[in-house]
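Enquirer: After the structure tokens below, expect a handful of questions from me.
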Amino acid sequence: MSTQQPSDGAAFDPAQAQAILDQQPVVARRLYVDGPVLFTTWGVAWTIGYLLLWLTGRETEDGTASLWAIMTFVALLVGAGVVTTVHIVRRIRGVRGSSAEQGLLYGLSWSFSFVSVSAIIGGLAGHGLTNAQIAVLSNGLSCLVVGALYMAGAAMTRQRTWFVLGAWIVLVGGFSTALPVVQLYLLMSLGGGGGMLVAALVSRLRLRSRSGSRSGSRSRDASPGGQPGGEDELGRD
């Protein structure tokens, strides 16, 4: 009498396992948040927005900007926020698990933080702060939130450029509070917005460098005696 051994499941398929491994770089690229795109978007918004505040602030006694310049800056920030949201949503669309939850919680951190900043500024304005004091305080708090969240995101994703930029924004925003309002605007335009544009350039150059290194590694692997490369697909930005 023959006996049939119970099946513990499907047999291991080496080809299928290799196919899954080969798809990992593709999935990683799709989930990768493009630092150069986001840094450029926000860098342009900050550079132009603060420059408008500086130009109109020079015409007032207390250095505060005109209403149209403030509204234009707000519109630029909203536009940058829309670009960022669309970019991230496209990256995580269809993704489930810890990565999607991580992105969602990080995005909510930005929203809740700036709702709180707005509430703090509004509350202090009701206690008799001058326009100049409100301008300095709102800028300092915003820089603190932006820089801290950039550094938190860097710790979460291990992207050094994000950490350096976050630290730079915190420092620029902090030291700018000692300046007259109109000079504060100019420093934030050149130092804040300019710093983001520099970060975008550095990130783009690093991505190109890694892309070239991967191409060279693949060429060596394809040739007889080629050695497999040990570099991560995305590396650290």
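The values are calculated or read from the model by the stated rules, or taken from the named source; none is laboratory data. Values in this document were obtained by computation on a predicted structure and should not be read as measured data. In this analysis, Cβ positions are derived from the backbone assuming ideal geometry, glycine residues included, and neighbour counts consider all displayed protein chains. To get the accessible areas, we keep the full protein, side chains included, count just its heavy atoms, and leave off ligands, DNA and RNA. Shrake-Rupley method; radii C 1.70, N 1.55, O 1.52, S 1.80 Å.
Enquirer: I'd like the accessible area for LEU144: 1.4 Å probe, protein heavy atoms, all chains in place, Å² to the nearest 10.
Expert: It works out to around 100 Å².
Enquirer: Pop out the carbon and sulfur fraction of the accessible area of the stretch 46-85 as a percent, whole number, probe 1.4 Å. Show your work: numbers first, answer last.
Expert: Working: 1660 of 2260 Å².
Summing carbon and sulfur atoms, their accessible area is 74 percent of the total for the stretch 46-85.
Enquirer: In addition: Using a 1.4 angstrom probe with every protein chain in place, what is the largest-first accessible-area order of GLU59, GLU101?
Expert: Values: GLU59 155, GLU101 110 Å².
Sorted by accessible area, descending: GLU59, GLU101.
Enquirer: Need one number: nm distance between label points at SER118 and ARG158, each 7 Å from Cα along Cα→Cβ, rounded to one decimal.
Expert: 3.7
Enquirer: Using a 1.4 Å probe over the heavy atoms of the protein chains, calculate the carbon and sulfur portion of the accessible area of the stretch 96-191 as a whole percent.
Expert: 70
Enquirer: Can you compute the modelled spin-label distance between PHE175 and ARG90, with each label point 7 Å from Cα toward Cβ, in nm?
Expert: The two pseudo-label positions are separated by 3.7 nm.
Enquirer: Working out 0.36 nm times the residue gap between THR130 and LEU55, then minus their Cα-Cα distance, what length gain in nm do you get to one decimal?
Expert: On the way: separation 75, 0.36 × 75 = 27.00 nm, distance 2.01 nm.
Full-extension gain reported as 25.0 nm.
Enquirer: Skipping prolines and chain starts, which residues have an amide H placed within reach, meaning under 5 Å, of the one on THR64, given they are 5 or more residues away or on another chain?
Expert: Amide H to amide H, under 5 Å and 5 or more residues apart or across chains, THR64 pairs with nothing.
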